[in-house]
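One structure is given here, and the rest of the page talks about it.
FYI, it's all coordinate maths here, none of it is from the lab. Model, not experiment: these values are computed from the prediction. Here Cβ is always computed from backbone atoms with ideal geometry, including for glycine, and neighbour counts include all displayed protein chains.
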Amino acid sequence: MSSDNYPEERNLDGFFYRVERNGKFVNRCFSDLTDEEQPDFLSRIEKDGYIRMCKELSAILRRIGDQFGIMGRNE
């Protein structure tokens, strides 16, 4: 995969995983992984890790929503 196809590195979630990018190994947050890299990360964590990750991602969404006044739609 070329660097043009990698998500922009934002470091929002704090769940890091080591991946190869452009021939070098780097640590990237879960939300900065590609759709192809995310399943590999998820296959390596256990139930407690999933729970912790879901709770932290929920807190991050809440902070972003609060900071920018973002509301979901109820249709």
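For region 48-75, the set of residues classified as farther than 23 Å from Glu8 by Cβ and either in a helix (DSSP H, G or I) or of a type in the set (Phe, Trp, Tyr) (or both) consists of Asp48, Gly49, Tyr50, Ile51, Arg52, Cys54, Lys55, listed by residue number. Residues that are more than 13 Å from the chain's Cα centre (by Cα) and exposed (fewer than 10 other Cβ atoms within 10 Å of the Cβ): does region 7-21 have at least one? Within region 7-21, not a single residue is more than 13 Å from the chain's Cα centre (by Cα) and exposed (fewer than 10 other Cβ atoms within 10 Å of the Cβ).
Close Cβ contacts (under 9 Å, 6 or more residues apart or on different chains) running from residues in region 58-75 that are in contact (Cβ under 8 Å) with a residue 12 or more places away in the chain and surrounded by 10 or more Cβ atoms within 10 Å (Cβ to Cβ) to residues that are part of a helix (DSSP H, G or I) and not hydrophobic (A, V, I, L, M, F, W, C) comprise Ile60/Ser31.
Pick from region 22-47 the residues that are outside any loop (DSSP other than H, G, I, E, B) and more than 20 Å from Ile60 (Cβ to Cβ): which of them is farthest from the chain's Cα centre (by Cα)? Filtering first and then ranking leaves Lys24. Can you say whether Asp40 is surrounded by fewer than 10 Cβ atoms within 10 Å (Cβ to Cβ) and either among the acidic types (Asp, Glu) or touching a Gly at 6+ places or on another chain (Cβ under 8 Å) (or both), as far as the supplied structure shows? When the stated conditions are applied, Asp40 does not pass them.
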